[in-house]
Amino acid sequence: KIIILDFGSQTTQLIARRIREQKVYSEIHPFSTSLEKIKALKPSGIVLSGGPCSVYDDDAPHSDPALFDLGIPVLGICYGAQLMMQQLGGRVERAEKREFGKADLLIHQTDGLFAGLESDAIHYQVWMSHGDRIELLPDDFVVTATSAHSPYAALRHRTRPFVAVQFHPEVAHTLIGTDILRNFIFAICNCSPSWTMHSFIESTVAAITAKVGDSRVICALSGGVDSSVVAAIVHRAIGDQLTCIYVNNGLMRTGESEAILRFFKETSKLNVIDVDATDYFLGQLQGVVDPEIKRKRIGLGFIKIFEEEAGKIGEVRYLAQGTLYPDVIESVSYRGEAPIKSHHNVGGLPEIMKLELIEPLRELFKDEVRELGLELGLPEEAIYRQPFPGPGLGIRIMGEVTAERLRVLRQSDVIVLEEMKKSGWYRQVWQSFAVLLPIQTVGVMGDGRTYENVIALRAVDSRDAMTADWSKLPYELLGTISSRIINEVRGVNRVVYDISSKPPATIEWE
Ligand code: XMP
């Protein structure tokens, strides 16, 4: 495996993904990871990531310089490159001209990182983002590539396996990024491409079986991709020792979780307890208008019902949960952010119920979870389902949630889903859905005046939900959705399209 020491760059996760795409396992660790821990991880190579600091700042993050004595190949990227130079005896200073965005790279030596590319001939497009530059090279380092503002755009040690690039090979704008990373992991680190979903399933199933023994495990099935894949892999490992609990909070989209439940009950013969708590949740939401109170009530209600059902199973030792790698990395690095909305997940449950956790997806990115799900035989529509928030339609009805408003929103939402799927846009956007605005506006239908609700359509493009832009859906599609909703759903006489990006808006309306 390759380990990446994180100095806080926005693109650290991308480095891990790019390496895994080459079927080599990679993990991100904080820059401050001790030498003992690094040795214990037995990496075939180490990548020092970029980061927002300057190496000469007083509080600049430094990894242990003794890692250069381990005999393990090291690739420094941007800040990581500068740190390598500084720790090995060179000098880094603030650059007069900062370099941001595209730059032309001229390669001078095609061994090492640039094997297979052309030297001194073509300018290769790379992506730079730095305000400092290397002024003095440590002994025995040679320049292997330059750009207009970086005389030391890429470097390598004459005899030891240390290489450094001032630009970012992990981003798509660096067109030769994959070649460079491949050269590092295969030629310099001698890794072999053996990390596949098939091998992941084998090792994960073995680990779950060993850990669980003959204890019982429960998991909360939501119908979403992550919990479905968790259920499938844990079930493969321990069969009937797993019981899944599906809490219907009455706030789901029409038909969506039914489909996944049918699959689990009928095709894969999983133990599923299916609780319909619609009345309980609607009771809890009666008269509640404040979005945060809605979220809290739905979250607490879920915990209560889940606990009640779990209590009926008898002695349970473990809770299986769909924590993904980005959640894990965010909790080890130092970019803590204040929560904008209190997200609903099963956090809190393990402490309340004194359960130990099984998190088989902890090492995976979302697209890897999808790949895993397909490999485990889950139906495609479950795998490519758009994300759906835990509080469900409850946060897509502005103001109080009532049964009648849920009916209006569900019927509208089904039309959005149908038309998005029919036109092929469903998979091209991150999310697409309807929001009910219970404000009345005047319309005319037939010869009569109407005074009814507004439906807002929301469709966004995003990579990770942290930022998003509104999707440029074709006018014809928007037109079809609008006229179908107004004609088919009683209680709606107007449809609008939300054209705000995140930030400053958010994806959901509450
Ligand atoms: P926002 O509205 O914060 O949403 O831009 C970002 C992403 O998170 C989803 N979302 C949730 N997911 N529990 C979830 O599991 C929640 O409480 C929750 N709230 C928002 C939202 O659909 C979007 O994909």
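Since every read-out is calculated from the coordinates, none of them should be taken as a lab result. Since the model is a prediction, treat every value here as computed from it, not as a measurement. All Cβ positions, glycine included, derive from the backbone under ideal geometry; neighbour counts span all protein chains shown.
What the table shows:
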| quantity | calculated |
| --- | --- |
| Nearest-0.05 FRET efficiency for E36 and F186, computed from C-beta distance (R0 41 Å) | 0.90 |
| Beta bridges by DSSP in the chain, antiparallel share as percent, to the nearest 5 | 50 percent |
| The chain: C-alpha pair distances exceeding 37 Å, % | 41 percent |
| 3J(HN,Hα) from dihedral phi, segment 179-186, Karplus parametrisation 6.51/-1.76/1.60, rounded to Hz, x for glycine, proline | 4, 5, 5, 4, 4, 5, 6, 8 |
| Residue-averaged 222 nm ellipticity for the chain, from DSSP H runs of 4+ at -39500 (n - 2.57), nearest 500 | -9500 deg cm²/dmol |
| Percentage relative contact order, the chain, counting C-alpha pairs under 8 Å, at least six apart | 10 percent |
| Low-density loop positions, trypsin sites (Lys or Arg not before Pro), segment 222-280 - DSSP coil, at most 12 other Cβ in 10 Å | K269 |
| Inverse mean reciprocal Cα-Cα distance (Kirkwood Rh) of segment 197-383, Å | 17.4 Å |
| Selection from Y152, Y25, S203 lying farthest towards where the dipole of the chain points positive, charges on Cβ | S203 |
| Cα centroid of segment 82-117 to Cα centroid of segment 368-435, whole Å | 45 Å |
| Relative frequency of Cα-Cα separations exceeding 17 Å in segment 132-221, percent | 67 percent |
| Distance violations [Cα-Cα > 18 Å] among K294/K354; K421/K472; K366/K422; K1/K39; K1/K37; K304/K366 | K294/K354; K366/K422; K304/K366 |
| Partners for K23 among aspartates and glutamates (Cα-Cα distance below 19 Å; same-chain residues under 8 apart left out) | E170, D179, E202, E363, D367, E368, E371, E375 |
| Reachable aspartates and glutamates from K296, criterion Cα separation under 19 angstrom, eight or more residues apart if same chain | D279, E307, E308, E351, E400, E508, E510 |
| Hits among aspartates and glutamates - C-alpha to C-alpha of K97 under 12 Å, sequence gap 8 or more where chains match | D132 |
| Cβ-placed point charges (K, R +1; D, E -1), dipole of the chain about Cα centre in debye, nearest 20 | 560 debye |
| Candidates per trypsin sites (Lys or Arg not before Pro) in segment 136-206, loop by DSSP, up to 11 other Cβ within 10 Å | R158 |
| Three-way shape label, segment 61-144, alpha-carbon gyration tensor, a/c 1.5 | oblate |
